[in-house]
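The values are calculated or read from the model by the stated rules, or taken from the named source; none is laboratory data. Quick caveat, the model's predicted, so the values are computed rather than measured. Note: ideal-geometry Cβ built from the backbone for every residue, glycine included; neighbour counts use all protein chains shown.
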Amino acid sequence: MGSGEWTSTSMPYLAPRTAGESDAWTSEAQAHGRKGGQRILQAGERAASAEVAEMLGTTAGETVVVRRRLIALDGVPCELTDTYYPASIASGTRLAATGKIRGGAVTFLAELGFVGVRAVEMITARMPTANELDQLRMEPGEPVLQIARVTLDGEDRPIQADVMVMPAGRQQLRYEISLGSSHPE
């Protein structure tokens, strides 16, 4: 992989940060001697699309809160992320505003009493939209990877849904799967 490419793991993005710690993306990039940044492009309430409604276990058209971010690595856009929250959790909070949240949104959710314990991801390879091509500074003909992730709490309720789009040629995804230590006898 070249210097512009990145190996991504999901686990650091699912756990709340400790007090004073930066968000997971900034910390992960720094740990690799790189500079991670993000810009919040939009935030607020919106009617849920059918895809988002399915992810959050609600109905299409129901109000949800969304934060659209452009993620950069060493100043180069590497991911476009839309994060959705049920309105019952996020309306009227910092999640509905364009300001950065110290420690990240997952930490803020935990402060509100919503902690993710399980995530389900669906990965798709596809061609980018014109907007994605522009925002991610991609060449025509380059595919993207799309990760649709739902984070669920201890009662299996969806508390967050992410739709992440990244240039396929600049990403490598790494997953660790724990099968547990108990064996049937």
- Query: Can Ala90 be described as under 23 Å from Gly44 (Cβ atoms) and more than 15 Å from the chain's Cα centre (by Cα)?
  - Reply: yes
- With respect to Glu62, determine if the residue is among the acidic types (Asp, Glu), touching a residue at least 40 places away in the same chain (Cβ under 8 Å), over 17 Å from Ala43 (Cβ atoms) and out of contact with any Ser or Thr (no Cβ under 9 Å at 6 or more places or on another chain). no
- Message: So, in the range 57-109, how many residues would count as being assigned to a loop (DSSP other than H, G, I, E, B) and either of a type in the set (Asp, Glu) or in contact with a His (Cβ under 8 Å, 6 or more places away or on another chain) (or both)?
- Response: 2
- Message: Quick test for you: out of Glu79, Glu51, Glu121, pick the one residue that is farther than 17 Å from Gln171 by Cα and in contact with a strand residue (DSSP E or B) (Cβ under 8 Å, 6 or more places away or on another chain).
- Response: Glu51
- Select from the range 119-177 the residues that are surrounded by fewer than 16 Cβ atoms within 10 Å (Cβ to Cβ) and assigned to a strand (DSSP E or B) and list them in ascending order. Ala119, Val120, Glu121, Met122, Ile123, Thr124, Ala125, Arg126, Gln172, Leu173
- Message: Quick check on Arg46: is it in contact with a strand residue (DSSP E or B) (Cβ under 7 Å, 6 or more places away or on another chain) and in a loop (DSSP other than H, G, I, E, B)?
- Response: no
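Could you list, in sequence order, the residues of the range 39-67 that are surrounded by fewer than 18 Cβ atoms within 10 Å (Cβ to Cβ) and either among the hydrophobic types (A, V, I, L, M, F, W, C) or under 14 Å from the mean Cα position of the chain (by Cα) (or both)?
Answer for the range 39-67, where residues must be surrounded by fewer than 18 Cβ atoms within 10 Å (Cβ to Cβ) and either among the hydrophobic types (A, V, I, L, M, F, W, C) or under 14 Å from the mean Cα position of the chain (by Cα) (or both): Arg39, Ile40, Leu41, Ala47, Ala50, Ala60.
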- Task: Please find, among Glu21, Glu28, Glu5, Glu51, the residue that is at pLDDT below 95 and closer than 24 Å to Asp134 by Cβ.
- Result: Glu5
- Cβ pairs under 7 Å, 6+ apart, first in the range 39-51 and touching a residue at least 12 places away in the same chain (Cβ under 8 Å), second assigned to a strand (DSSP E or B) and charged (D, E, K, R): Arg39/Arg69; Ile40/Arg67; Ile40/Arg69; Leu41/Arg68; Leu41/Arg69; Gln42/Arg68; Ala43/Arg67
